[in-house]
Number of protein chains: 2
Amino acid sequence: MASLKPIKLYSHKTGPNPWKVAVILDELSVPYKHEFQEMSAIKQEPFISVNPNGRVPAIEDPNTGIILWESGAIIMYLIETYDKDGKISYPSGPEKYYEWQWMAYQISGQGPYFGQAVWFTRFHHEQLPSARERYVKEIERVTGVLDSWLQKHDWLVGDKCTYVDLMFVPWAKTAHTTMGDFIDFQGKYKAYFAWMEKLEGRDSVRKVFEEKAQVAQ
Amino acid sequence: MASLKPIKLYSHKTGPNPWKVAVILDELSVPYKHEFQEMSAIKQEPFISVNPNGRVPAIEDPNTGIILWESGAIIMYLIETYDKDGKISYPSGPEKYYEWQWMAYQISGQGPYFGQAVWFTRFHHEQLPSARERYVKEIERVTGVLDSWLQKHDWLVGDKCTYVDLMFVPWAKTAHTTMGDFIDFQGKYKAYFAWMEKLEGRDSVRKVFEEKAQVAQ
């Protein structure tokens, strides 16, 4: 889609969520440019005029004039606008609704709880083992739900990789890095792990996470 | 929509999320029937064949054959299927995308974090003041984001009440009840509180929460 103007992706060098959007943009061959933000900057003007919630990602799409925040909403917008051929989505139900279901599960069930596990492992100002344990268990539970589904299905929806499979990658990678000492992902969740390896082998994921590793240095 | 068969709503007598779906069904005059589940039952068969994540709400719609879980996905499905006249939604962008944005914020930013505040206040097996404080502060932050938006807008999207306004009601009501001793919602977040009073005054919300109060007894 070379005739498109690049989408501005308000991003962060280490946080997982903006990179979720980058993978989808790369899959759809939509040009984009990261606008990296400091954590301190996103909670004040001018950024909170873009996103009053003070979080990344957010996008500005000069091709449509849309400004949008929340990764789930951004990705659904990109799919509806730039995936009319259904490269990584199904255009109608019931698969479209199942995609929404797994999208909602990723943003409400994976992201927030995986984030709390990382918080109580790395960032909380006092050690609270029972709080950390609560969220480590939740990572195991969510991973187990995915694993049980993937024991019977190659992909979350239909018979191809869709955007909802890809949405789970960034937080899964963060969990593998941060929680690998506590959770045996490869040994306990074999179907999940094989699915994640397929996803990590895709050109889009490889390319985007190579860039993430470079900018994080 | 009297010719429709009732939707089966897998529900819970006290948890907030199924009642979010009930409000939308009532707004759209779609017939439905609660199928109340015990917390212990939703983590095993037969329910996990409906929802492998072991959570309510889930729905079975005999009019379309769809079985779906995750409240955000269920509500988007109901809107697309049963709100073609746009009673509580906008059928196209940019308002449609803004609705998705606030929907995503409700399910990923309000629900999970408000839930953690309730957990560490009422249910965790040891007192962890700094964990509870983390989530009480997050309720204040999210409420402040809504309040700042509502100081300048009557509704979250466009110039009418849409499904995304209504989605915030159940967790807000739970927070007012559970956290009212810690947070002065009415005094500190006036625009938010006035919006919530408008929403709580709607026929759908009054009716659904009267039923919730009755079944919780």
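Since every read-out is calculated from the coordinates, none of them should be taken as a lab result. Computed from a predicted model, the values in this text were never measured in an experiment. Note that we place each Cβ from the backbone using ideal geometry, even for glycine, and neighbour counts take in every protein chain shown.
Before moving on, here are some points about what is shown:
- Leading residue by the ranking (farthest from the other protein chains (Cβ to nearest Cβ)) among those in region B:121-144 that are surrounded by fewer than 21 Cβ atoms within 10 Å (Cβ to Cβ) and in contact with a Gly (Cβ under 9 Å, 6 or more places away or on another chain): B:Glu138
- Condition check for A:Ile107: within 14 Å of chain B (Cβ to nearest Cβ) and assigned to a helix (DSSP H, G or I): yes
- So B:Arg141, is it over 20 Å from B:Leu156 (Cα atoms), assigned to a helix (DSSP H, G or I) and charged (D, E, K, R): no
- Any pair with Cβ under 7 angstrom, 6 or more apart, that starts in region B:43-68 at a residue that is of a type in the set (Ser, Thr, Tyr) and ends at one that is surrounded by 16 or more Cβ atoms within 10 Å (Cβ to Cβ) and part of a loop (DSSP other than H, G, I, E, B): none
- Qualifying positions in region B:1-53 - more than 17 Å from the chain's Cα centre (by Cα), under 20 Å from B:Met76 (Cβ atoms) and assigned to a helix (DSSP H, G or I): B:Val50
- Given (1) within 14 Å of chain B (Cβ to nearest Cβ); (2) closer than 30 Å to B:Asp61 by Cα; (3) surrounded by fewer than 21 Cβ atoms within 10 Å (Cβ to Cβ), number of the condition A:Gly86 does not satisfy: (1)
- Restricting region A:65-83 to residues that are assigned to a helix (DSSP H, G or I) and at the interface with another protein chain (Cβ under 7 Å from one of its Cβ atoms), the residue that is farthest from the chain's Cα centre (by Cα) is A:Tyr77.
- Test: residue in region B:123-131 that is within 18 Å of the chain's Cα centre (by Cα) and assigned to a helix (DSSP H, G or I): no
- Looking only at region B:154-187, and only at residues there that are in a helix (DSSP H, G or I) and out of contact with any helix residue (DSSP H, G or I) (no Cβ under 8 Å at 6 or more places or on another chain), the one that is nearest to B:Trp19 (Cα to Cα): B:Thr177
- Test: residue in region A:112-120 that is small (Gly, Ala, Ser), within 23 Å of B:Arg134 (Cα to Cα), more than 10 Å from every other protein chain (Cβ to nearest Cβ) and assigned to a helix (DSSP H, G or I): yes
- Looking across region A:165-217, the residues that are β-branched (Val, Ile, Thr) and exposed (fewer than 14 other Cβ atoms within 10 Å of the Cβ) come down to A:Thr177, A:Val215.
A quick yes/no check of all residues on (1) touching a strand residue (DSSP E or B) at 6+ places or on another chain (Cβ under 9 Å); (2) surrounded by fewer than 20 Cβ atoms within 10 Å (Cβ to Cβ); (3) away from chain A (no Cβ under 14 Å):
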{"site": "B:Ser3", "(1), (2), (3)": "no, yes, yes"}
{"site": "B:Pro18", "(1), (2), (3)": "yes, no, yes"}
{"site": "B:Ala22", "(1), (2), (3)": "yes, no, yes"}
{"site": "B:Leu25", "(1), (2), (3)": "yes, no, yes"}
{"site": "B:Asp61", "(1), (2), (3)": "yes, no, no"}
